[in-house]
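One structure coming up, written as structure tokens, with questions to follow.
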Amino acid sequence: MTDDSLSSHLHEMDLSPDPAFTEQANGTAAMYDEAAADHEGFWARQARERISWATDFDQTLDWSEAPFAKWFVGGTLNVAYNCVDRHVEAGNGDRVAIHFEGEGGDTRTITYADLQREVSKAANALESLGVATGDRVAVYMPMIPETVFTMLACARIGAPHSVIFGGFSAEALHTRIADAEAKVVVTTDGQWRRGKPAPLKAAVDAAIHHGEDESPVEKVLVVKRTDTEVEWDDSRDVWWHDLVDGQPDTHEAVPVDSEHPLFILYTSGTTGKPKGIFHTTGGYLTQAAYTNAVVHDVHPESDVYWCTADVGWVTGHSYIVYGPLANGATQVLYEGTPDTPHQGRWWELVEKYKVSILYTAPTAIRTFMKWGDDIPAKSDLSSVRMLGSVGEPINPEAWLWYRKNIGGGKAPIVDTWWQTETGGIMISPLPGVTTLEPGSAQKPIPGISAEILDDDGNPFTEAEKVGYLVLTKPWPAMLRGIWGDPERYKETYWSRFGPKYYFAGDGAKYDEKGNIWLLGRVDDVMNVSGHRLSTAEIESALVSHPSVAEAAVVGAADETTGQAVCAFVILRGDAVDNGEETVQELRGHVAKEIGPIAKPRQVMIVQELPKTRSGKIMRRLLKDVAENREVGDVTTLADSSVMNLIKEGMTSGSSD
Ligand code: WTA
């Protein structure tokens with residue numbers, strides 16, 4: 001589609017809610033008013049209606065030691081009880097909690113009654129290894145049911161887990177285990193990656209035997225998944241099937257304080273040391289359940305929900321484990337990659353399990369666009385009624401493709417903005433309530449308040465002016481801090497604009513309709529000749545060109561303009577690379593879409609982009625290329641050879 005037809009197409013589409021959808025939607029327009037009228041009262045209601053408390057709370061919010069929040073003070077609850085047992089007690093033990101699909105096609109159907117038994121066994125096993133309330137457990141596992149059992153077993157005991165994404169190296173694992181002082185690590189012998197077993201436990205061994213440091217790890221619990229040969233330390237290592245399978249399948253879930261830590265999740269900051277973002281119990285679970293209900297519109301009795309994130313990221317925590325299970329939903333858990341054994345795997349799963357709600361990332365959607373419309377067209381996707389997106393702004397072209405090819409031309413799409421730090425969705429349309437605006441996350445959901453500030457920290461509402469997104473009121477699932485580093489917490493999030501505002505680190509603007517557009521991290525916001533430009537906006541412009549599959553933009557130092565726009569572009573399979581001519585056409589296209597100021601100084605046609613294993617583009621490395629520097633640390637790349645490919649295979653065009 002050309003950009004002209006794209007914008008006229010968007011203009012002609014009626015994106016107001018379908019009355020039939022509104023009729024059944026969990027979210028309502030009235031919620032905005034209710035939350036605005038009484039912020040704390042609104043959240044107290046969500047907490048009492050959606051969560052089962054062992055002891056009711058007596059204070060909704062204690063903000064007296066801001067920015068250290070306490071929510072639902074005095075309340076006690078158990079997260080595993082809320083996610084598992086209470087559904088069984090309510091008579092829904094036979095409902096499927098998880099349809100598991102292994103990469104190789106092995107399957108497991110786990111009902112809520114099964115889940116209760118499995119989680120209880122795992123909790124008993126962890127206790128037999130010496131894990132007690134407050135101890136930290138590191139989880140380094142692929143997308144298999146035992147991972148969910150382990151997380152819930154930790155929650156059941158009140159032992160905070162620290163899940164470390166299975167794609168991280170031994171080095172990364174070591175730092176995270178050491179920082180959290182994890183006593184036990186749960187892992188697997190290996191994991192399936194594109195039909196082949198890749199070792200996993202080996203990295204745990206290396207992380208434990210790291211340099212001179214004494215490791216806090218006492219026991220390693222190992223699930224056999226791939227029959228990969230492992231080294232074994234008899235005094236430390238225990239097989240899951242030897243220990244867990246024989247445990248009693250009942251376990252008493254002990255209620256913990258609402259502010260008891262539930263988990264730590266490490267995320268990269270601006271310095272080299274990862275930040276251990278920690279979340280607590282009552283507030284986190286309340287917001288996870290609430291957002292999964294009103295934003296994903298999950299109806300547990302009829303929907304089949306599938307969030308494709310890895311459980312090693314916050315999206316997997318909030319929207320595979322805690323939100324959907326707290327709501328008693330039925331979901332799909334898939335172990336493998338989207339192209340194993342072929343590029344239609346996801347769509348076959350949607351057809352097989354009759355998935356009605358799909359939550360995924362723009363980077364995946366653009367990959368599917370690249371692979372071609374004919375692939376999803378081979379499967380019956382008529383069960384799909386709701387779509388969601390998370391992780392980065394979804395460009396309108398990808399939005400339209402998603403809606404048409406996956407959503408049958410009618411499923412609402414929620415573009416959900418949030419962060420590891422926020423714990424749950426913050427800015428998003430409500431399906432059935434909001435008139436959608438492709439490319440925009442639109443507005444804070446009921447109960448959440450945000451503003452956009454200028455450089456001096458003043459809020460504004462003018463359209464098209466670029467500023468900084470801040471959150472203006474505490475919210476239940478907010479991070480409670482950085483593990484072991486309260487000062488860094490204050491400094492990172494609460495100092496840029498003073499203690500009143502949580503600074504999210506994202507650039508944002510309003511459009512004329514008052515919708516919020518997220519413009520990427522502010523470190524990705526460029527300043528070209530005194531004009532502030534967003535990498536995301538230019539990328540979206542490039543991707544709207546019919547020849548472009550994917551684009552990454554960086555601001556490279558420039559003597560005259562301060563920064564200059566440098567674009568790295570992957571062409572679509574069917575597009576012809578005419579060298580300099582294509583480059584000039586793309587430069588012209590951006591100039592036309594956004595303005596001459598945004599015209600890239602350089603467009604480099606490449607075969608691959610450097611991505612982390614979670615699919616985030618590592619712009620820092622591209623910046624090194626654009627600024628003719630030695631390329632920096634590539635250890636977190638999914639494929640570290642990509643940078644060589646980029647440097648070797650670049651067709652580069654420069655400015656006139
Ligand atoms: C970005 C992922 C635009 C943003 C849940 C944020 C988004 C960072 C969106 C957090 C969205 C996430 N639109 N940008 N819908 N969702 N982001 O911690 O820059 O992995 O600050 O959490 O991703 O990434 P994180």
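The values are calculated or read from the model by the stated rules, or taken from the named source; none is laboratory data. This one's a predicted model, so the numbers in the text were calculated from it and none came from an experiment. With ideal geometry, Cβ positions are generated from the backbone for all residues, glycine too; neighbour counts draw on all protein chains shown. Surface areas here come from the heavy atoms of the whole protein model, side chains and all, with no ligands, DNA or RNA. Shrake-Rupley method; radii C 1.70, N 1.55, O 1.52, S 1.80 Å.
Could you check, for segment 352-363, whether at least one of its residues is at pLDDT 95 or above, over 30 Å from G481 (Cα atoms) and in a helix (DSSP H, G or I)?
Looking through segment 352-363, at least one residue is at pLDDT 95 or above, over 30 Å from G481 (Cα atoms) and in a helix (DSSP H, G or I).
Would you check if there is a residue in segment 176-187 being among the aliphatic types (A, V, I, L, M) and part of a loop (DSSP other than H, G, I, E, B)?
Within segment 176-187 (the criterion being among the aliphatic types (A, V, I, L, M) and part of a loop (DSSP other than H, G, I, E, B)), the answer is yes, since at least one residue qualifies.
Go through D380, D455 for me and flag whichever is in contact with a helix residue (DSSP H, G or I) (Cβ under 8 Å, 6 or more places away or on another chain) and open to solvent by 10 Å² or more (accessible area, probe 1.4 Å).
Working: D455 fails: in contact with a helix residue (DSSP H, G or I) (Cβ under 8 Å, 6 or more places away or on another chain).
Among D380, D455, only D380 is in contact with a helix residue (DSSP H, G or I) (Cβ under 8 Å, 6 or more places away or on another chain) and open to solvent by 10 Å² or more (accessible area, probe 1.4 Å).
Within segment 314-335, count every residue that is closer than 24 Å to G104 by Cβ and either modelled with pLDDT under 95 or in a helix (DSSP H, G or I) (or both).
Qualifying residue count, segment 314-335: 3.
Scan segment 393-413 for residues that are part of a loop (DSSP other than H, G, I, E, B) and either under 20 Å from the mean Cα position of the chain (by Cα) or of a type in the set (A, V, I, L, M) (or both) and jot them down.
Correct list: P393, I394, N395, I406, A411, P412.
Still on this structure, please answer the following. Against the definition (within 15 Å of the ligand (Cβ to nearest atom) and surrounded by fewer than 20 Cβ atoms within 10 Å (Cβ to Cβ)), how does A364 come out, yes or no?
yes
Looking at A20, is it surrounded by fewer than 16 Cβ atoms within 10 Å (Cβ to Cβ), within 28 Å of R385 (Cα to Cα) and not β-branched (V, I, T)?
So A20 passes the test.
Identify, please: which residue in segment 593-630 is open to solvent by 60 Å² or more (accessible area, probe 1.4 Å) and more than 19 Å from E537 (Cα to Cα) and is, among those, nearest to the ligand (Cβ to nearest atom)?
R613
May I ask you to list pairs of residues, at least six apart or on different chains, whose Cβ atoms are under 7 Å apart, with the first in segment 396-419 being under 26 Å from S318 (Cα atoms) and β-branched (V, I, T) and the second being more than 12 Å from the ligand (Cβ to nearest atom) and assigned to a helix (DSSP H, G or I)?
I406/P376; I413/Y402; I413/R403
Right, next: Return the total of residues in segment 446-461 being touching a Lys or Arg at 6+ places or on another chain (Cβ under 9 Å) and more than 16 Å from the ligand (Cβ to nearest atom).
Qualifying residue count, segment 446-461: 4.
Of all the residues that make up segment 336-355, how many are open to solvent by 10 Å² or more (accessible area, probe 1.4 Å) and closer than 30 Å to I51 by Cα?
Of the residues in that region, 2 qualify.
Conditions first: (1) in contact with a His (Cβ under 9 Å, 6 or more places away or on another chain); (2) at pLDDT below 95. G167 passes all but one, so which condition is the exception?
(1)
Given the structure, is V390 within 17 Å of the chain's Cα centre (by Cα) and either open to solvent by 10 Å² or more (accessible area, probe 1.4 Å) or small (G, A, S) (or both)?
Spelling it out, V390 is indeed within 17 Å of the chain's Cα centre (by Cα) and either open to solvent by 10 Å² or more (accessible area, probe 1.4 Å) or small (G, A, S) (or both).
Still on this structure: Check R480 against each of (1) away from the ligand (no atom under 13 Å from the Cβ); (2) under 23 Å from the mean Cα position of the chain (by Cα); (3) open to solvent by 40 Å² or more (accessible area, probe 1.4 Å); (4) charged (D, E, K, R) and name the one condition it does not meet.
Of (1) away from the ligand (no atom under 13 Å from the Cβ); (2) under 23 Å from the mean Cα position of the chain (by Cα); (3) open to solvent by 40 Å² or more (accessible area, probe 1.4 Å); (4) charged (D, E, K, R), only one is false for R480: (3).
What's the number of the condition W346 fails, among (1) away from the ligand (no atom under 16 Å from the Cβ); (2) in contact (Cβ under 8 Å) with a residue 12 or more places away in the chain; (3) not in a helix (DSSP H, G or I)?
(3)
May I ask you to list the residues in segment 504-538 that are modelled with pLDDT of 90 or more, more than 10 Å from the ligand (Cβ to nearest atom) and at negative phi?
K509, Y510, D511, E512, K513, N515
Regarding segment 141-154, can at least one residue be identified that is more than 20 Å from D227 (Cα to Cα) and touching a Ser or Thr at 6+ places or on another chain (Cβ under 7 Å)?
The answer is no; no qualifying residue exists.
Sticking with this one: Could you run through segment 414-445 and say how many residues are among the aliphatic types (A, V, I, L, M), within 12 Å of the ligand (Cβ to nearest atom) and either assigned to a loop (DSSP other than H, G, I, E, B) or within 14 Å of W399 (Cα to Cα) (or both)?
Total satisfying the criteria: 4.
Another question about this same structure. Within segment 303-316, is even one residue farther than 14 Å from L387 by Cα, free of Cβ contacts under 8 Å to residues at least 60 places away in the same chain and more than 16 Å from the ligand (Cβ to nearest atom)?
no
I would also like to ask the following. List every residue pair whose Cβ atoms lie under 6 Å apart, where the two residues are 6 or more positions apart in sequence or sit on different chains, the first residue falls within segment 9-21 and is under 11 Å from T435 (Cβ atoms), and the second residue, located anywhere, is of a type in the set (S, T, N, Q).
L15/T435; S16/T435
Within segment 123-143, is there a residue that is closer than 18 Å to T330 by Cβ, among the aromatic types (F, W, Y) and in contact (Cβ under 8 Å) with a residue 12 or more places away in the chain?
No; the residues of segment 123-143 include none that is closer than 18 Å to T330 by Cβ, among the aromatic types (F, W, Y) and in contact (Cβ under 8 Å) with a residue 12 or more places away in the chain.
Another question about this same structure. Tell me yes or no: at least one residue of segment 59-82 is more than 30 Å from W483 (Cβ to Cβ), part of a loop (DSSP other than H, G, I, E, B) and out of contact with any Cys (no Cβ under 9 Å at 6 or more places or on another chain).
No: zero hits.
Name the residue that is nearest to P338 (Cα to Cα), counting only residues in segment 175-224 that are in contact with a strand residue (DSSP E or B) (Cβ under 6 Å, 6 or more places away or on another chain) and open to solvent by 50 Å² or more (accessible area, probe 1.4 Å).
Once the filter is applied, the top-ranked residue is P197.
While we're looking at this one, here's another question. So, W43, is that one touching a strand residue (DSSP E or B) at 6+ places or on another chain (Cβ under 8 Å), part of a helix (DSSP H, G or I) and either surrounded by 21 or more Cβ atoms within 10 Å (Cβ to Cβ) or in contact (Cβ under 8 Å) with a residue 60 or more places away in the chain (or both) or not?
When the stated conditions are applied, W43 passes them.
From the list P300, P341, pick out the single residue that is assigned to a loop (DSSP other than H, G, I, E, B), closer than 16 Å to T107 by Cα and either touching a residue at least 60 places away in the same chain (Cβ under 8 Å) or not β-branched (V, I, T) (or both).
Values: P300 fails: closer than 16 Å to T107 by Cα.
When all the criteria are applied, what remains is P341.
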